[in-house]
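For reference, the structure discussed in these notes is given below.
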Ligand code: AMP
Ligand code: ZN
Ligand code: ZN
């Protein structure tokens, strides 16, 4: 296998593009692809203040690294939800090397000292839904309060197509509409959101991370990645083997479909915190109240 660009020995073959690359040209290809994704969806520019939501895993760490390398101003934000061991020292060192800042938030500060799994148990609700809703709220709040223009996450092509397939199977059109690679600012208290890695697969991101010695944690959240999303990924991987390019086609064609049209729901401001919500009180504030009530009842 030879590199498409220089005829050196290739280290990776990308069947979806019918191309092989040596390490240098794979790195070039990867960075160009991230830049093209950012430009294609007009996500942000070189002067924008970008906040990367960092979990410590390969996707978000790679995203943070590549944005900085491409000359974007990108700081990191990690939210400790209490499900994995966050290695704050190594994350801070990584931030320092890149000349970026790292912000850290512990959800215990907002929920009477409880972690997400403890809240889930107390309120008898699924851990992942609590985690997702708490993270979304805090990411937006912190980005906004610190003057960032856009919040970016490390979602990759495999994440996006598996989510797409799952929601198509149940015709969950509401979720599908919100699956855009870029969500512009639609409310003064909502920051724009972008996913610059949506045109890259897990394999490509993993390879780039290894080639660039990007530190990342392999530890998976013990609660997440429910069986169904892993099953969808496996089905899509099988399809990709027999029909290379399926994932990219599925993802890009979805964006040309009618399903993708965004219906603007009317937003009010939460009567307690002022952040946007579709009801009187936002789900974050309601959750805080329920936690207080439940703890009060335990004491009685
Ligand atoms: P997940 O929902 O775990 O698949 O994560 C999707 C994306 O959300 C990651 O690529 C990160 O950008 C971001 N993310 C996940 N967990 C955290 C966290 N604890 N703190 C900040 N960002 C996170
Ligand atoms: Zn080459
Ligand atoms: Zn609220």
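Taken together, the values in this text are just the output of simple stated rules run on the coordinates, not laboratory data. Being a predicted model, the structure only gives us computed values, none of them experimental. Because the Cβ atoms are built from the backbone with ideal geometry, glycine has one as well, and the counts that use them run over all protein chains shown.
With the simple spin-label model, which puts each label point 7 Å out from Cα in the Cβ direction, the residue 290 to residue 16 separation comes to 3.7 nm.
Springs join every pair of Cα atoms under 10 Å in this Gaussian network model of the chain, and among 247, 281, 195 the largest mean-square fluctuation is at 281. Assuming a ≥ b ≥ c are the square roots of the Cα gyration tensor eigenvalues, decide whether the chain counts as rounded (a/c under 1.5), prolate (otherwise, with a/b larger than b/c) or oblate. The shape class here is prolate. Rounded to the nearest 10 degrees, the inclination of helix 157-169 to the longest alpha-carbon principal axis of the chain is 60 degrees. The gain in end-to-end length when the residue 124 to residue 47 segment is fully stretched comes to 23.3 nm, 0.36 nm per residue minus the alpha carbon separation.
Relative to the longest principal axis of the Cα atoms of the chain, the long axis of helix 88-98 makes an angle of roughly 50 degrees. With coordinates expressed along the principal axes, the C-alpha atoms belonging to the stretch 1-142 extend over 60, 32, 31 Å, beginning with the largest. The angle between the Cα long axis of helix 246-256 and the longest principal axis of the Cα atoms of the chain comes to about 60 degrees, rounded to the nearest 10. By the count of neighbouring beta-carbon atoms within 10 Å, fewest first, 270, 6, 221 end up ordered 6, 221, 270. Does the stretch 142-226 come out rounded, prolate or oblate by the C-alpha gyration tensor, with a ≥ b ≥ c the root eigenvalues, rounded set by a/c under 1.5 and, if not, prolate when a/b is larger than b/c and oblate if not? Oblate, because a/c is 1.5 or more while a/b does not exceed b/c. Taking the DSSP beta bridges with both ends in the chain, the antiparallel portion is around 35 percent. Which residue, 186, 127, 153, has the most motion in a Gaussian network model of the chain that connects Cα atoms within less than 10 Å? Largest GNM mean-square fluctuation: 186.
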